[in-house]
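Here's the structure, in structure tokens; my notes come after.
The values are calculated or read from the model by the stated rules, or taken from the named source; none is laboratory data. Because the structure is a prediction, the values reported are computed rather than measured. No Cβ is skipped: glycine too gets one built from the backbone with ideal geometry, and neighbour counts run over all protein chains shown. Just so you know, the surface numbers come from the protein's heavy atoms only, side chains and all, with ligands and any DNA or RNA stripped out. Shrake-Rupley method; radii C 1.70, N 1.55, O 1.52, S 1.80 Å.
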Amino acid sequence: MNTVEKKKLHDLKISGSGTSGGGQFDEVKISGSGKIAGDVDCREMKISGSGTVAGDVKAGVIKTSGSSAIEGDTKAETITTSGSSKYNGSVMAAEMNISGSSKVARDLIIEKFKVSGSCKVGGKIQGGTVKASGALKVEQDCEVETFSSSGSVHIDGLLNADNVQIEINHESFIKEIGGETISVTHHNSNRLFKQVVNFFLQKEDILSSELIEGDEVHLENTKAKLVRGKNVVIKENCDIDTIEYSGTVDVHKDSRIGKKVKI
């Protein structure tokens, strides 16, 4: 009977200052200042301190803290990153949790994405669930099943999700929003510091958009050129050029509407 012996992978550990080549490993651990000059395929990768991978990474689990950079594409089951992290290629993962300041230079394909702090995505986001607090910037489209955010959100393309829930804490912009249920609310803050800062910077807690389209649309603190929906509710502090609706429309007295059109 022929048997095939499974190849036993060894660990790669860089502590202090050091450089290694890429390859297949069980566990990869960089602490201090380390660099891997090539592609990495491993079960688990841990980077603390300052670590750089000058290639693609394929891993089961990736954990980073401090300052980390992956120059190529990243594929993983789970990614947990804190501190300052850069992914200079695309990222594909089942789950990704980001705290601190992070950047994904290209596309982010994700099933569950949670970000606190700040995150910039240079390409598109595509996947299941996005939950963002702090600041999220996406330079292309964001197409997911569920999108929720609090803080500041900036999307240069289309945000498309079945369920969109946005809580405005800072000035935000989304070029176009499409979904079944769209809710934009304002988090009322009585903090004197924030009020003073907004006054001097001449900023408001407003979501600006060119087009918002959904079945059920509830808006607050929103400025938009066109809002289209079945049932539309416009609450306080909105400035809408045109509302197109097929069912019902309800407008708060403190909001400005250019025109309402029944379609």
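Take the eigenvalues of the Cα gyration tensor for region 55-150, scale each by 5, and report the square roots as semi-axes in whole Å, largest first. After scaling each eigenvalue by five and taking roots: 18, 14, 12 Å.
If we count every other residue with Cβ under 13 angstrom of Glu44's Cβ, Lys/Arg +1 and Asp/Glu -1, where does the sum land?
On the way: positive: Lys13, Lys29, Arg43, Lys46, Lys58, Lys63; negative: Asp11, Asp26, Glu27, Asp41, Glu77.
For residues surrounding Glu44, the net value is +1.
Accessible surface computed residue by residue for the chain, with neighbouring protein chains in place and a 1.4 Å probe, gives 51 Å² per residue. Bridge orientation summary for the chain: considering DSSP beta bridges with both residues in this region, about 0 percent are antiparallel. Taking a quarter of the surface of the convex hull around the Cα atoms of the chain, what do you get in nm²? Taking the Cα atoms of the chain, their convex hull projects to 18.1 nm² on average. Could you tell me what percent of the accessible area of region 26-165 is made up of carbon and sulfur, with a 1.4 Å probe and every protein chain present? Ligands and nucleic acids excluded, carbon and sulfur give 43 percent. Count Lys and Arg as plus one, Asp and Glu as minus one, and take only other residues whose Cβ is under 9 Å from that of Gly72; the net charge is then -4. Against the main long axis of the alpha-carbon atoms of the chain, helix 192-201 sits at an angle near 80°. Think of each Lys and Arg Cβ as +1 and each Asp and Glu Cβ as -1; about the Cα centre, that makes the dipole of the chain roughly 700 debye. Note on Thr78 and Glu213: with the Förster distance fixed at 25 Å, the Cβ-Cβ geometry gives a FRET efficiency of about 0.10.
Residue separation times 0.36 nm, minus the C-alpha to C-alpha distance between Lys225 and Asp162: what's the value?
20.5 nm
Model label points for Asp254 and Ser148, set 7 angstrom from Cα along the Cα-to-Cβ axis, are 2.5 nm apart. Surface composition of region 210-262: carbon and sulfur make up 43 percent of the accessible area, probe 1.4 Å. Figure legend: label point modelled 7 angstrom from the Cα of His10 along Cα→Cβ; residues of region 19-56 with amide N under 15 Å from it are 20-29.
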